[in-house]
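K.L.:
Attaching a single structure in structure tokens format; questions to follow.
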Amino acid sequence: MAKLWGGRFSKDTDKLVEDFHSSISFDQKLYKWDITGSKAHARMLGDIGVLTKEEAQQILAGLDEIMTEIEKGQVTFDPAAEDIHMNMEVLLTEKIGTVGKKLHTGRSRNDQVAVDVRMYLRHEIENTHHLLLELMKTVVDIAEEHKETILPGYTHLQRAQPVSFAHHMLAYAEMFKRDITRLEDCRVRMNVLPLGSGALAGTTFPLDREQVAEELGFDSVCLNSMDGVSDRDFILEYMAAASICSMHLSRMCEEIIIWSSQEFHFIDLDDGYSTGSSIMPQKKNPDVAELMRGKTGRVYGNLMGLLTTMKGLPLAYNKDMQEDKEPLFDTVETWQKCLLVLTPMLRTMTIRKDAMLQAAKGGFTNATDLADYLVRKGIPFRDAHAIVGKLVAECLDRGISLDEVSLEEYKAHNPLIEDDIYDAIAVYTCMANRNTIGGPSVAQTTATIAAEREFLAQRM
Ligand code: ARG
């Protein structure tokens, strides 16, 4: 087919090149936003008199028809027309004749693609935001149920101090809250209209950019046409937000994998969210969590890929930037799928309170509390630490826990120890006494849950 830009060429594009530089196979995803942007542009051209009202009307009606036809699956895009933007112009001109050729007045594909992707991503931010809110709510709901479910908190994956399962879940609620607000921040910077930047230097037509911005729901118009066509920060910001969130999802999945192992057995995943082995009949594997952990790699890869694509580009538009779309679409899809599957996986998992409690009781998670007890009796913390360290070593030799040491034995280590020691080092007390803001006590988790619910209520 004749190229829309073919005037100064005397030879056809090589077939290999045609295939190499065509983006229609993936950027057709943008059709709806391309039409939406074109309609706002055409209407504005009609309003400022660059097109007659009738011409603008014909274009608007033609674009609406094309939208319907695409949605009905009646349109096949032509790779020879390169990308979604030129395919649209071809389709429009086929449909309404010469007037269709006027749509591109005062516009370039460079500002067109920039506005399309912003609208697409703004929409997907909303979808991602919604899925993240659902996930955070699920985590908070689980926390609500488990304010008194005790498990060991770990450092270095060694049992450290007792916490509640609510407290553990609320750590993720905080992460997801940051992920949610990161998306909100990203949207603010993204929502600036690039259309009107032209190829790079604006246009000689007196476009009403404010009108277009308003119609398309942008908060403002970009203030530099060269930046308008060459900025892909908004994509990178979304991908960075996706990467950080994927890291959170991956850490959570890692814990789910560990917790569902026979060694820990703190949780049982629902059969619907685990899979079996083709050879080992006994197996129930946490594949979903593993795959989600694995997908973090491609989300990071997409970010690193585009950062690398962008780093050496001179202003303004360069075709390299066509490489932004596939990684972006992949990131959107991957992130959303992960969120979509993680939420019900959490909702349906069984929490094995007894196993968690048993683990908290073993492993000397109350050792710090024993030292704190001695401190309250007037012993300097460092000395208390040494006394308890010795006690732990003896217990390890004898295969017993601190709760099983007799009062006489305690008194032999330090005469200030009384029989209130047993209550002081009971795991429940250890958790309940950690009542600083943000701590695991029931009072604190209750307050945090209220704060998280307030955050959610403002958004759901
Ligand atoms: N398909 C192109 C892209 O996605 C659209 C802009 C092309 N502009 C150009 N002058 N080649 O980046």
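Values in this text are rule-based calculations from the coordinates and carry no lab data. Small disclaimer: the values here were computed from a predicted structure and weren't measured. As a convention, Cβ positions derive from the backbone with ideal geometry for all residues, glycine included, and neighbour counts pool all protein chains shown.
K.L.:
Within region 120-137, is even one residue in a helix (DSSP H, G or I), touching a Ser or Thr at 6+ places or on another chain (Cβ under 7 Å), more than 14 Å from the ligand (Cβ to nearest atom) and touching a residue at least 60 places away in the same chain (Cβ under 8 Å)? I'd like the intermediate steps shown before the answer.
P.N.:
Our first condition is that a residue be in a helix (DSSP H, G or I); within region 120-137, this holds for 120-137.
If we keep only those that are touching a Ser or Thr at 6+ places or on another chain (Cβ under 7 Å) too, we end up with 134-135.
From what's left, more than 14 Å from the ligand (Cβ to nearest atom): 134-135.
Narrowing the set further to residues that are touching a residue at least 60 places away in the same chain (Cβ under 8 Å) leaves 134-135.
There is at least one residue in region 120-137 that is in a helix (DSSP H, G or I), touching a Ser or Thr at 6+ places or on another chain (Cβ under 7 Å), more than 14 Å from the ligand (Cβ to nearest atom) and touching a residue at least 60 places away in the same chain (Cβ under 8 Å).
K.L.:
I would also like to ask the following. Pairs only if they're at least six apart or on different chains, beta carbon under 7 angstrom, first in region 214-225 and at negative phi, second among the hydroxyl-bearing types (Ser, Thr, Tyr); list them, first residue then second.
P.N.:
Leu216/Thr36; Cys222/Ser197; Ser225/Ser197
K.L.:
Still on this structure, please answer the following. For region 181-203, which residues satisfy the criterion of being assigned to a helix (DSSP H, G or I) and buried (at least 17 other Cβ atoms within 10 Å of the Cβ)? Lay out the reasoning, then the answer.
P.N.:
Restricting attention to region 181-203, the residues satisfying the condition of being assigned to a helix (DSSP H, G or I) are 181-190.
Selection gives Arg182, Leu183, Cys186, Arg187, Met190.
K.L.:
Take region 210-220 and flag every residue that is crowded, with 20+ Cβ neighbours inside 10 Å and over 27 Å from Pro327 (Cβ atoms).
P.N.:
Taking region 210-220 and keeping what is crowded, with 20+ Cβ neighbours inside 10 Å, we get 212-213, 216, 218.
Residues satisfying the conditions are Val212, Ala213.
K.L.:
Right, here's the next one. Would you check if there is a residue in region 35-42 being of a type in the set (A, V, I, L, M, F, W, C), more than 16 Å from the ligand (Cβ to nearest atom), over 16 Å from Gln322 (Cβ atoms) and surrounded by 18 or more Cβ atoms within 10 Å (Cβ to Cβ)? Spell out how you get there, then give the answer.
P.N.:
To start, the set of residues in region 35-42 that are of a type in the set (A, V, I, L, M, F, W, C) comprises 35, 40, 42.
Keeping just the survivors that are more than 16 Å from the ligand (Cβ to nearest atom) gives 40, 42.
Retained after the next criterion (residues that are over 16 Å from Gln322 (Cβ atoms)): 40, 42.
Filter once more, so that each one left must be surrounded by 18 or more Cβ atoms within 10 Å (Cβ to Cβ): 40, 42.
Yes, the conditions are met somewhere in region 35-42.
K.L.:
Could you list, in sequence order, the residues of region 342-390 that are over 20 Å from Val405 (Cα atoms), in contact with a strand residue (DSSP E or B) (Cβ under 8 Å, 6 or more places away or on another chain), part of a loop (DSSP other than H, G, I, E, B) and not charged (D, E, K, R)?
P.N.:
Of everything in region 342-390, just one residue is over 20 Å from Val405 (Cα atoms), in contact with a strand residue (DSSP E or B) (Cβ under 8 Å, 6 or more places away or on another chain), part of a loop (DSSP other than H, G, I, E, B) and not charged (D, E, K, R), namely Met349.
K.L.:
Here's a check for you: in region 229-276, which residue that is touching a strand residue (DSSP E or B) at 6+ places or on another chain (Cβ under 8 Å) and of a type in the set (S, T, N, Q) is surrounded by the fewest Cβ atoms within 10 Å (Cβ to Cβ)?
P.N.:
Among those that are touching a strand residue (DSSP E or B) at 6+ places or on another chain (Cβ under 8 Å) and of a type in the set (S, T, N, Q), it is Thr275.
K.L.:
Without any contact (Cβ under 8 Å) to a residue 40 or more places away in the chain and out of contact with any Ser or Thr (no Cβ under 9 Å at 6 or more places or on another chain), is that true of Leu91? Don't jump to the end; show me each part of the working.
P.N.:
On the way: without any contact (Cβ under 8 Å) to a residue 40 or more places away in the chain: yes; out of contact with any Ser or Thr (no Cβ under 9 Å at 6 or more places or on another chain): yes.
Considered against the rule, which asks whether it is without any contact (Cβ under 8 Å) to a residue 40 or more places away in the chain and out of contact with any Ser or Thr (no Cβ under 9 Å at 6 or more places or on another chain), Leu91 comes out as yes.
K.L.:
Continuing with this model, one more query. If you check Ala80 against the conditions, is it more than 29 Å from Met226 (Cβ to Cβ), small (Gly, Ala, Ser) and touching a residue at least 40 places away in the same chain (Cβ under 8 Å)?
P.N.:
Yes; evaluated as a whole, the condition is true for this residue.
Each row is one residue, and each column tells you yes or no for (1) touching a residue at least 40 places away in the same chain (Cβ under 8 Å); (2) crowded, with 17+ Cβ neighbours inside 10 Å.
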{"site": "Asn366", "(1), (2)": "yes, yes"}
{"site": "Ala371", "(1), (2)": "no, yes"}
{"site": "Leu374", "(1), (2)": "yes, yes"}
{"site": "Phe381", "(1), (2)": "no, no"}
{"site": "Lys390", "(1), (2)": "no, no"}
{"site": "Ile400", "(1), (2)": "no, no"}
{"site": "Asp419", "(1), (2)": "no, no"}
{"site": "Thr429", "(1), (2)": "yes, no"}
